[in-house]
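*Asks:* This is the structure I want to talk about, given as C-alpha coordinates.
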Amino acid sequence: MSKKTQAKSNTDGLGDRLKNFVESMAFADVFPRTLLASHNPNYDVRRNPNLESYSRFNWVVSGPEFLTPENLPEGAQIQYLYRFVFSTETTIARTTEAGAVPEGQSIPEEHQIGTIHAQFVVEYLSAINPDQVEDKVLEIFQKKLVAFHAWNFWRELLSNLALRARLPVPSLPSFPNV
(Lines give C-alpha, C1' and ligand atoms only; values in the text may rest on other atoms or scores of the structure.)
Protein backbone atom coordinates (compact mmCIF):
# COMPACT_ATOMS: atom_id res chain seq x y z
CA MET A 1 0.00 0.00 0.00
CA SER A 2 1.42 3.40 -0.90
CA LYS A 3 1.93 6.04 1.79
CA LYS A 4 -0.76 8.16 0.18
CA THR A 5 -3.26 5.26 0.17
CA GLN A 6 -2.32 4.33 3.73
CA ALA A 7 -2.81 7.91 4.89
CA LYS A 8 -6.23 8.05 3.22
CA SER A 9 -7.19 4.74 4.85
CA ASN A 10 -6.12 6.03 8.26
CA THR A 11 -7.91 9.36 7.87
CA ASP A 12 -11.24 7.87 6.90
CA GLY A 13 -11.06 5.40 9.83
CA LEU A 14 -11.63 2.26 7.75
CA GLY A 15 -8.60 0.56 9.29
CA ASP A 16 -9.91 1.17 12.81
CA ARG A 17 -13.42 0.01 11.92
CA LEU A 18 -12.02 -3.12 10.31
CA LYS A 19 -9.80 -3.80 13.34
CA ASN A 20 -12.76 -3.42 15.72
CA PHE A 21 -14.89 -5.71 13.57
CA VAL A 22 -12.21 -8.40 13.30
CA GLU A 23 -11.62 -8.29 17.06
CA SER A 24 -15.35 -8.76 17.65
CA MET A 25 -15.56 -11.87 15.46
CA ALA A 26 -15.09 -15.25 17.13
CA PHE A 27 -14.41 -18.11 14.72
CA ALA A 28 -17.16 -20.66 15.42
CA ASP A 29 -17.09 -23.43 12.82
CA VAL A 30 -16.18 -24.59 9.35
CA PHE A 31 -17.71 -27.62 7.67
CA PRO A 32 -18.12 -28.96 4.13
CA ARG A 33 -21.52 -28.37 2.56
CA THR A 34 -20.93 -29.88 -0.88
CA LEU A 35 -18.26 -32.29 -2.15
CA LEU A 36 -17.76 -33.65 -5.64
CA ALA A 37 -14.75 -35.45 -7.06
CA SER A 38 -14.85 -36.56 -10.67
CA HIS A 39 -12.47 -38.27 -13.08
CA ASN A 40 -12.06 -37.51 -16.73
CA PRO A 41 -13.51 -40.62 -18.45
CA ASN A 42 -10.19 -41.04 -20.32
CA TYR A 43 -8.11 -41.22 -17.13
CA ASP A 44 -7.34 -44.66 -15.70
CA VAL A 45 -5.20 -44.73 -12.57
CA ARG A 46 -4.14 -48.34 -13.24
CA ARG A 47 -2.70 -47.41 -16.63
CA ASN A 48 -1.13 -44.15 -15.39
CA PRO A 49 0.17 -44.79 -11.84
CA ASN A 50 3.12 -42.37 -12.10
CA LEU A 51 1.58 -39.68 -14.26
CA GLU A 52 3.18 -36.23 -13.93
CA SER A 53 0.46 -33.76 -13.04
CA TYR A 54 -0.20 -30.23 -11.84
CA SER A 55 -3.19 -28.55 -10.25
CA ARG A 56 -5.06 -25.30 -10.71
CA PHE A 57 -7.00 -23.84 -7.79
CA ASN A 58 -9.92 -21.41 -7.84
CA TRP A 59 -11.92 -20.14 -4.91
CA VAL A 60 -14.47 -17.51 -4.03
CA VAL A 61 -16.18 -16.45 -0.81
CA SER A 62 -19.82 -15.42 -0.79
CA GLY A 63 -22.16 -14.22 1.89
CA PRO A 64 -22.61 -13.40 4.58
CA GLU A 65 -25.91 -14.69 5.79
CA PHE A 66 -26.89 -13.49 9.27
CA LEU A 67 -28.65 -15.48 11.93
CA THR A 68 -29.65 -14.50 15.45
CA PRO A 69 -30.32 -17.05 18.16
CA GLU A 70 -33.85 -17.35 19.41
CA ASN A 71 -35.04 -18.03 22.96
CA LEU A 72 -32.08 -16.40 24.69
CA PRO A 73 -32.10 -16.44 28.49
CA GLU A 74 -33.15 -13.20 30.19
CA GLY A 75 -30.29 -10.68 30.14
CA ALA A 76 -28.07 -12.72 27.78
CA GLN A 77 -26.00 -10.75 25.29
CA ILE A 78 -27.23 -11.24 21.74
CA GLN A 79 -24.70 -12.99 19.54
CA TYR A 80 -25.09 -12.79 15.78
CA LEU A 81 -24.00 -15.67 13.61
CA TYR A 82 -22.20 -14.55 10.45
CA ARG A 83 -22.20 -17.38 7.89
CA PHE A 84 -20.05 -17.29 4.76
CA VAL A 85 -19.69 -19.83 1.94
CA PHE A 86 -16.20 -20.69 0.68
CA SER A 87 -16.54 -22.34 -2.75
CA THR A 88 -13.54 -24.06 -4.32
CA GLU A 89 -12.63 -25.83 -7.52
CA THR A 90 -9.44 -27.79 -8.11
CA THR A 91 -8.56 -29.07 -11.56
CA ILE A 92 -5.89 -31.75 -11.78
CA ALA A 93 -4.23 -32.00 -15.17
CA ARG A 94 -1.59 -34.08 -16.92
CA THR A 95 1.71 -32.36 -17.53
CA THR A 96 2.65 -32.46 -21.21
CA GLU A 97 6.05 -32.15 -22.86
CA ALA A 98 5.38 -28.41 -23.10
CA GLY A 99 4.76 -28.29 -19.33
CA ALA A 100 1.76 -26.95 -17.45
CA VAL A 101 -0.77 -24.74 -19.20
CA PRO A 102 0.00 -21.16 -18.13
CA GLU A 103 -2.22 -19.58 -15.47
CA GLY A 104 -5.09 -17.68 -17.04
CA GLN A 105 -5.44 -20.11 -19.96
CA SER A 106 -8.01 -22.89 -20.07
CA ILE A 107 -6.72 -26.41 -19.55
CA PRO A 108 -7.74 -28.53 -22.57
CA GLU A 109 -10.18 -31.26 -21.60
CA GLU A 110 -7.87 -33.98 -22.91
CA HIS A 111 -5.24 -32.85 -20.35
CA GLN A 112 -7.67 -32.86 -17.43
CA ILE A 113 -7.44 -35.84 -15.10
CA GLY A 114 -10.09 -34.84 -12.60
CA THR A 115 -11.84 -32.08 -10.74
CA ILE A 116 -12.69 -31.62 -7.09
CA HIS A 117 -15.40 -29.17 -6.08
CA ALA A 118 -15.84 -28.38 -2.40
CA GLN A 119 -18.03 -25.83 -0.71
CA PHE A 120 -17.51 -24.96 2.95
CA VAL A 121 -19.65 -23.06 5.41
CA VAL A 122 -17.53 -20.78 7.61
CA GLU A 123 -19.24 -19.31 10.69
CA TYR A 124 -18.37 -16.58 13.19
CA LEU A 125 -20.11 -15.22 16.27
CA SER A 126 -20.17 -11.52 17.10
CA ALA A 127 -22.09 -9.15 19.34
CA ILE A 128 -22.05 -6.58 16.52
CA ASN A 129 -25.37 -6.24 14.76
CA PRO A 130 -24.84 -6.88 11.02
CA ASP A 131 -26.80 -3.69 10.24
CA GLN A 132 -23.99 -1.71 11.92
CA VAL A 133 -21.22 -3.15 9.71
CA GLU A 134 -20.43 -1.29 6.52
CA ASP A 135 -20.13 -3.20 3.24
CA LYS A 136 -16.44 -2.34 2.74
CA VAL A 137 -15.51 -3.85 6.13
CA LEU A 138 -17.44 -7.04 5.33
CA GLU A 139 -15.85 -7.19 1.87
CA ILE A 140 -12.31 -7.03 3.27
CA PHE A 141 -13.10 -9.52 6.04
CA GLN A 142 -14.66 -11.89 3.52
CA LYS A 143 -11.80 -11.68 1.02
CA LYS A 144 -8.91 -11.97 3.46
CA LEU A 145 -10.02 -13.71 6.64
CA VAL A 146 -12.81 -16.12 5.70
CA ALA A 147 -10.66 -17.82 3.06
CA PHE A 148 -7.69 -17.79 5.45
CA HIS A 149 -9.71 -19.57 8.16
CA ALA A 150 -11.03 -22.19 5.71
CA TRP A 151 -7.72 -22.78 3.89
CA ASN A 152 -6.32 -25.60 6.05
CA PHE A 153 -9.68 -27.39 6.06
CA TRP A 154 -9.65 -27.21 2.26
CA ARG A 155 -6.05 -28.47 2.12
CA GLU A 156 -6.82 -31.52 4.29
CA LEU A 157 -10.08 -32.35 2.52
CA LEU A 158 -8.49 -31.94 -0.92
CA SER A 159 -5.66 -34.36 -0.11
CA ASN A 160 -7.99 -36.89 1.49
CA LEU A 161 -10.58 -36.79 -1.28
CA ALA A 162 -7.97 -37.01 -4.06
CA LEU A 163 -6.39 -40.07 -2.41
CA ARG A 164 -9.75 -41.79 -2.00
CA ALA A 165 -10.75 -40.94 -5.59
CA ARG A 166 -7.37 -42.26 -6.80
CA LEU A 167 -6.46 -38.93 -8.32
CA PRO A 168 -2.97 -37.42 -8.11
CA VAL A 169 -2.87 -35.51 -4.82
CA PRO A 170 -2.73 -31.78 -5.47
CA SER A 171 -0.43 -29.66 -3.34
CA LEU A 172 -2.44 -26.66 -2.22
CA PRO A 173 -0.01 -23.78 -1.71
CA SER A 174 0.12 -21.74 1.46
CA PHE A 175 -2.51 -19.05 1.72
CA PRO A 176 -1.85 -16.36 -0.90
CA ASN A 177 -1.34 -12.74 0.01
CA VAL A 178 -4.58 -11.33 -1.40
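*Asks:* Need the failing condition index for N160 against (1) farther than 19 Å from N58 by Cβ; (2) in contact (Cβ under 8 Å) with a residue 12 or more places away in the chain, just the number.
*Replies:* Just one mismatch for N160, condition (2).
*Asks:* Looking for something open to solvent by 80 Å² or more (accessible area, probe 1.4 Å), in contact with a helix residue (DSSP H, G or I) (Cβ under 6 Å, 6 or more places away or on another chain) and either closer than 30 Å to R164 by Cα or touching a residue at least 24 places away in the same chain (Cβ under 8 Å) (or both) - is there at least one such residue anywhere in the stretch 73-84?
*Replies:* For the stretch 73-84, residues open to solvent by 80 Å² or more (accessible area, probe 1.4 Å), in contact with a helix residue (DSSP H, G or I) (Cβ under 6 Å, 6 or more places away or on another chain) and either closer than 30 Å to R164 by Cα or touching a residue at least 24 places away in the same chain (Cβ under 8 Å) (or both): absent.
*Asks:* Another one. Pick from I113, I107, I78: which is under 23 Å from F27 (Cα atoms), among the aliphatic types (A, V, I, L, M) and at pLDDT below 95?
*Replies:* Selected residue: I78, the only one of I113, I107, I78 that is under 23 Å from F27 (Cα atoms), among the aliphatic types (A, V, I, L, M) and at pLDDT below 95.
*Asks:* I would also like to ask the following. Working only within the stretch 23-45, note down all residues that are within 22 Å of the chain's Cα centre (by Cα) and assigned to a loop (DSSP other than H, G, I, E, B).
*Replies:* Selection gives M25 alone.
*Asks:* Ok, one more. For a quick check of your reading of the model, give me the residue pairs whose first member lies in the stretch 89-102 and is at positive phi and in contact (Cβ under 8 Å) with a residue 12 or more places away in the chain, whose second is among the small types (G, A, S) and crowded, with 20+ Cβ neighbours inside 10 Å, with beta-carbon atoms closer than 7 Å and at least 6 apart or on different chains.
*Replies:* Close Cβ pairs (under 7 Å, with a partner that is among the small types (G, A, S) and crowded, with 20+ Cβ neighbours inside 10 Å) do not exist here.
*Asks:* Please go through the stretch 159-178 and give me each residue that is among the small types (G, A, S) and crowded, with 19+ Cβ neighbours inside 10 Å, ordered by number.
*Replies:* Going residue by residue through the stretch 159-178, those that are among the small types (G, A, S) are 159, 162, 165, 171, 174.
Answer for the stretch 159-178, where residues must be among the small types (G, A, S) and crowded, with 19+ Cβ neighbours inside 10 Å: just A162.
*Asks:* Within the stretch 9-23, count every residue that is open to solvent by 50 Å² or more (accessible area, probe 1.4 Å) and modelled with pLDDT under 90.
*Replies:* The qualifying residues number 3.
*Asks:* Which numbered condition trips up E156, out of (1) exposed (fewer than 13 other Cβ atoms within 10 Å of the Cβ); (2) within 13 Å of V30 (Cβ to Cβ); (3) touching a Leu at 6+ places or on another chain (Cβ under 8 Å)?
*Replies:* That leaves (3) as the condition not met.
*Asks:* Look at D131 and say whether it is free of Cβ contacts under 8 Å to residues at least 60 places away in the same chain, open to solvent by 40 Å² or more (accessible area, probe 1.4 Å) and within 22 Å of the chain's Cα centre (by Cα).
*Replies:* no
*Asks:* Filtering the stretch 24-50 down to residues that are open to solvent by 80 Å² or more (accessible area, probe 1.4 Å) and among the polar types (S, T, N, Q), which residue is modelled with the highest pLDDT?
*Replies:* Residue satisfying both the conditions and the ranking: N42.
The values are calculated or read from the model by the stated rules, or taken from the named source; none is laboratory data. Keep in mind it's a predicted model, so treat the numbers as computed, not measured. Using ideal geometry, Cβ is built from the backbone for each residue, glycine included, and neighbour counts are taken over all protein chains shown. These accessible areas exclude ligands, DNA and RNA; they are computed on the full protein's heavy atoms, side chains included. Shrake-Rupley method; radii C 1.70, N 1.55, O 1.52, S 1.80 Å.
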